[in-house]
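Structure first, commentary second.
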Amino acid sequence: MMRSGIYAVAMAALACGGAAEPERERAPTSVGAEVAEEGPAGVRRRDENEIPRTAKPWGEMDGDERGRFMGEAVVPYMRALFREYDEERYARFNCASCHGPNASERAYAMPSPELMALHPSGSDEQRAMVEAHPRMVQFMFQHVVPAMRTMIGEREFDPATGEGFSCYFCHPRAE
């Protein structure tokens, strides 16, 4: 079922952004720092130049331009990345993998209600998820989040200001 794959992705996203208190944002860094150079679970580290980028800022693109970029660059890149992580689980990676099965009805708006709501970094709930799924957290934190941030030209999350790209661009916040 689509939700199980999305659930696994969502759990990994707990490693980034969203704490109410800035000092708690630093916790995920230690997760990423423990991974060997070849990356978590055998996922090859990509060179910065391998990551596709938009021709103009994401915020200046219209819906058609965004759709083309997502279809021609983001989906193929992420499909390869997720399949390298788990070929079987992500064999059918596509737009719905992140946007959900009713994405077109929602005009592909994010965050996606189909993705698991994430708890703030440093919370007991977030720590429990990171502990239960360290491989996925490392994959998301070291590969997916930086690639997506780069592809759409967003700044890295700044815990001091609470601004920049975080997991909450794609995942809803837990209540």
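Numbers for the structure displayed
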item	result
Pairwise FRET efficiency - residue 88 versus residue 68, Cβ, R0 = 35 Å, nearest 0.05	0.75
Stretch gain in nm, segment residue 105-residue 156, where the contour uses 0.36 nm per residue and the Cα spacing is subtracted	15.4 nm
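Throughout, read-outs are computed from the coordinates displayed, never taken from laboratory work. All of these numbers come straight from a predicted model, not from anything done at the bench. Reconstructed Cβ throughout: ideal geometry from the backbone, glycine too, with neighbour counts over all protein chains shown.
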